[in-house]
Amino acid sequence: MSTSTTEGSIVTGLNPATFNTADPFVLFVIQVVVIVGLCYILHFGLRKLKQPRVISEVIAGIILGPSVMGRIPGFADTIFPTDSLPYLNLVSTIGLVFFLFLVGLELDPALVIQRAKFALGISFAGMALPFGVGAAVSYVLYKELGEDTVVGFGQFLLFCGVAMSITAFPVLARILAEQKLLTTKVGFLTICAGAVGDIVAWILLALVVAIINSASKITPLYVVLLAIGWTLILVYFIRPALIFMIRYTKSQDEPSQTMMAFTMAMVLISAFVTDIIGVHSIFGAFLVGLIIPNDTGFADGVTKRIEDLISVIFLPIYFALSGLKTQIGLLDNGKIWGLVVLVTFVACFGKIVGCTGAAKIQGMEWRESLAIGILMNCKGLVELIVLNIGYDAGVINAKVFVIMVVMCLVTTCMTTPMVSWLYPPHYQRAVAMRSLAKERASKGDLEHSDLSGDNENSKNGIMLCLDKIQNLPGMMTFLDTLHHAVIGPQEAATNAHSHAVDPVSFMPATPKTNPTLHALRLLHLTE
């Protein structure tokens, strides 16, 4: 039903929930408040169980969908009428584009390449084995598509392989930070393997989407070549222009309004280009995030400006729409539930066994290796994005979609509790002590004694927190003052007697007593 905005207001009896195609704002506000409010109510309870926010967002969508609230007469037609869903979908797609831009912004390609050697084996095993078992189980799932499917078995096999092998890097980073594992060996290897696997998975997914959207066998080749061409343009033309404009507008520490406008325009343009090429729009946004330099505060400034709006408003809408598509009622017989168990087991088996075996081969203990395997098994919101792309492209139907969503929820929910049980703080300390003992034994007693002396001297140090580059001159003046303010031996003794302080605490003015500077830079942890 459509009404004019000039016909009246609630004073004259206007129903604000009535959808108006000329002015959909009122109903949109109602929908956003309902979605975001339910998400945060669920998250308030689920966070006590150490569950990431994406779980509450998907469950909120399922509750608002046909499985629960949709059964209430008139609810779907009033709050989520069919004519209003394209508007919600548009807003959620814009949010998804900018979210993938933030994901690319957090990944420093140079750092990923540098650290890839530490976790290449784990990343490869965590992709290859799940892809293989995913391809195997795809034969069983393909029969559930029915005879009206529009994709061939080869396309479906590729999609299932990618869906099984993906790891949710943003959720993984959040879990590692909340569990205080980023500084451990397990955390370091996991975040490195997750970053490498994330980039490879997006490339594979872009290839799969290109193949799905192609009308002929030769078309995917042209799509891939065009995507590579656009990537080269971004790297060799757009990136230098970005770096020049960052310096020109003096946005090294905090992005100016001009740079924010230019960056947001580039994200939308790149998303538009990849979309018309035949690859999904999110890949263009992801590429723009990758090419932005991370050696200044510009990337952090951009993240701070837009992250909250995306995570609070846009992403809940996107995952709520995923929940609206999820019809739990389709899991109506033992065969379907058997497929749910099979797909969940295969997904866990491929990731956990592959990554655990690779970590063990690298010399890690069994519990450490298993913790890495469970962490890499986290699917999270990236898996849901992949499933929605496949569902919208017609690769999977509603029945296969709900099977895969349940698998995604189970693998994400089990991550934090199992890692907390397998890799508790006391075990981390024990492993660290054993590693230190082995290292000292290999280096010998003489070097150990030298290390002890160095550690004693290192106590005479100062830690400075580097927040902004503007504070650096003041810090340098402070350090210069400390360098020259050295107390002589006799003055030290005089001061010691006058203040009743042990004169041994005042050391002679030798180079060894100069304070050591430890620089610390704190970065805001994003989603």
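Consider a paramagnetic label point 7 Å from the Cα of VAL140 along Cα→Cβ; state which residues of the stretch 327-370 have an amide N under 18 Å from it. Within reach of a label on VAL140, which here means backbone N under 18 Å from a point 7 Å along Cα→Cβ, the stretch 327-370 contributes 331-353.
Each peptide in 49-60, 253-264, 327-338 receives the mean, over its residues, of other Cβ atoms within 10 Å, and ordering these scores from highest gives 49-60, 253-264, 327-338. Per residue, the solvent-accessible area of the stretch 197-255 (1.4 Å probe, heavy atoms of protein chains only, all protein chains present) comes to 60 Å². Centre-to-centre separation between the Cα atoms of the stretch 181-198 and those of the stretch 66-111: 29 Å. For the pair ASP253 and THR82, label points projected 7 Å from Cα toward Cβ lie 5.7 nm apart.
Put a dot 7 Å past the Cα of LYS438, heading toward its Cβ, do the same for ASN213, and the two dots end up 4.8 nm apart. Of the cross-linked pairs LYS185/LYS379; LYS217/LYS325; LYS180/LYS438; LYS304/LYS360; LYS351/LYS399; LYS143/LYS360, those separated by over 28 Å at the C-alpha level are LYS217/LYS325; LYS304/LYS360; LYS143/LYS360. Solvent-accessible surface of the stretch 41-80, taken per residue with a 1.4 Å probe and all protein chains present: 52 Å². Share of carbon and sulfur in the accessible area of the stretch 273-396 stands at 65%, probe radius 1.4 Å. Highest mean packing first, where packing is the average number of other Cβ atoms within 10 Å per residue, the peptides 225-231, 433-439, 175-181 line up as 175-181, 225-231, 433-439. Our estimate of slack between THR12 and LEU182, defined as 0.36 nm per intervening residue step minus the Cα-Cα distance, is 55.3 nm.
A cut-off under 13 angstrom between Cβ atoms defines the neighbours of VAL302, and their net charge, with Lys, Arg +1 and Asp, Glu -1, is -4. For the peptides 68-79, 293-304, 189-200, 273-284, residues were scored by their other Cβ atoms within 10 Å and the scores averaged per peptide; the highest-first order is 189-200, 273-284, 293-304, 68-79.
Kirkwood Rh, the stretch 1-130, all Cα pairs: how many Å? Answer for the stretch 1-130: a Kirkwood hydrodynamic radius of 18.4 Å. Percent of Cα pairs in the stretch 292-442 per distance bin of 5 Å, from zero to the largest separation: 2, 8, 12, 14, 13, 13, 14, 12, 7, 4, 2, 1, 0. Between ASP295 and PHE349, the modelled labels are 4.8 nm apart [label points 7 Å from Cα along Cα→Cβ]. Across the alpha-carbon atoms of the stretch 123-229, the computed radius of gyration and Dmax are 16.7, 52 angstrom. Length gained on full extension, ILE63 to ILE203: 47.1 nm, using 0.36 nm per residue less the C-alpha separation.
Note on PHE237 and MET475: the extension gain reaches 81.9 nm, defined as 0.36 nm multiplied by sequence separation minus the Cα-Cα distance.
The values are calculated or read from the model by the stated rules, or taken from the named source; none is laboratory data. What you see is a predicted model; the values in this text were computed from it and never measured. Methodologically, a virtual Cβ is constructed for each residue, glycine included, from the backbone with ideal geometry; neighbour enumeration extends over all protein chains shown. Areas reflect the complete protein model, heavy atoms only, side chains present, ligands, DNA and RNA absent. Shrake-Rupley method; radii C 1.70, N 1.55, O 1.52, S 1.80 Å.
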